[in-house]
1. If you average the alpha carbon positions of the stretch 141-179 and of the stretch 283-322, how far apart do those two centres end up, in angstrom?
2. Check which residues have an amide H placed less than 5 Å from residue 186's amide H, if you skip close sequence neighbours.
3. Once you order the gyration tensor axes a ≥ b ≥ c over the Cα atoms, which shape class does the stretch 243-312 get: rounded for a/c under 1.5, otherwise prolate or oblate by comparing a/b with b/c?
4. In sequence order, what are the phi-derived ³J(HN,Hα) couplings for the stretch 183-200 according to the Karplus relation 6.51 cos²θ - 1.76 cosθ + 1.60 with θ = phi - 60°, rounded to whole Hz, with x for glycine and proline?
5. Convex hull over the Cα atoms of the stretch 182-235, averaged projected area in nm²?
6. Looking at the square roots a ≥ b ≥ c of the eigenvalues of the Cα gyration tensor of the stretch 134-185, which shape do they give, rounded for a/c under 1.5, prolate if a/b is larger than b/c, or oblate?
7. Which pairs in the list 101/317; 242/317; 101/242 are over 29 Å apart, alpha-carbon to alpha-carbon?
8. If R₀ is 45 angstrom, what is the calculated FRET efficiency for the pair residue 117 and residue 314, using the beta carbon separation as r and rounding to 0.05?
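Derivation of every value follows stated rules applied to the coordinates shown; laboratory data play no part. Predicted model only: the values in this text are computed from it and were never measured. Glycine also receives a Cβ, built like all others from the backbone with ideal geometry; neighbour counts cover every protein chain displayed.
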Amino acid sequence: MHRYQFTGLAVLSSVSLFIVACGGETPCEETKTCNLQPSGGVTSAGGADGAGGGGPGANSSSSSGGAPGTGGAGGGPDMTPPTVLNVSPGVGEIGVATDDKLVITFSEPMDQAATESAFASPDFGVDTMVWLDASTLEITPTGLTYAAGGVDVAANDYVYQLKGSAVDLAGNALGTPFDGNFATLREITNNPPRSVQHTVDAQGANSGCFNQGGRYIGWKSTFCRHLISFDLSAIPTGAEVKSASLFCTRYSVVGDPFAQFNSNVILEHMDYPANNVGLGASQTAESNIGVAFSSPTDSNLSLGVATEVETDLMNNKQEIQFRLRLPTGIGNPPFAQDHYVRLNSSESGGCETDALTVTYIAP
């Protein structure tokens, strides 16, 4: 009996090349079936036993096949546990929107069912879990809210955990749980302080339009208009304005300015130099916000100014400016008597220091 060794596709025989066609024994008879499967000691095309393709395997008893194959570099079983490479929002991140997604990226493809089951949070629910690819899980949280209050309110913090039972496709467990947290934006409501106010005539002078008794809008020996501004510097850049309103109280009405001027007292959005109130009294307004007072019995001004606040913040303005006025040149001045709406000069009436209320979303 002769034995033959296969190396790649080459067959070496010390007896006859004809034997190759029929295996490692004497030439087969025509009525027999040839067996080309070597009985041992034969390596694969990838190289010697134990390298690349792995040789005959651990259960081989061949004396000429070398050591049993181990799978070699890159060919053995996956024994490496997965890790969390990245999360978005990042751990400890502040300023997350309530409709943001939580995205977890792993170091390798994961067992999706086991990984989803390993996720838990005591603070929020889960609407959907979607695999963006074999190693990236996107989670849509439910129940995220903004913390409401003043500027000192703390953001709502949310924690979650990916338990160690999350496994990769080879069954390797994450092992050490991954703990994460993030904080949502804050919904802040505050009153930007009043910067300054002026009640002036068309030339920007206070004479006749302001005294210790009050501030006058309309006709009081001259045409009078009221200018007021509020400090926006405490509202952070990029804040999303949700609402804003201006509330002022009328103290009294003298004469009948609404009939004499054939108009209501209107609130306008202005943009004038702080050192030139005369320009603020005479220039064209950026916009007419709405009716402030429309009758002798109309005692309160309450108008939404969110668009105006947002515009000024986008333009990096440090303050927002308004004007309350009746038109000039209406009627037959000088009027025989005064016709004006009076705002108190004290804090008991008028546009007080906290007259502007702004609610915004910010980190």
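1. Cα centroid to Cα centroid, the span is 43 Å.
2. It is 362, by chain and number.
3. Judged from the Cα gyration tensor, the stretch 243-312 comes out oblate (a/c at least 1.5, b/c at or above a/b).
4. Once rounded to whole Hz, the list reads 10, 7, 4, 9, 9, 10, 10, 8, 10, x, x, 5, 7, 6, 9, 9, 10, 9.
5. Working: hull surface 21.4 nm².
Its Cα hull, projected and averaged over all orientations, spans 5.3 nm².
6. Taking the square roots of the gyration eigenvalues as a ≥ b ≥ c, the stretch 134-185 is prolate.
7. The pairs that break the limit, which is 29 Å between Cα atoms, are 101/317.
8. Given R0 = 45 Å and the Cβ-Cβ separation, E is 0.45.
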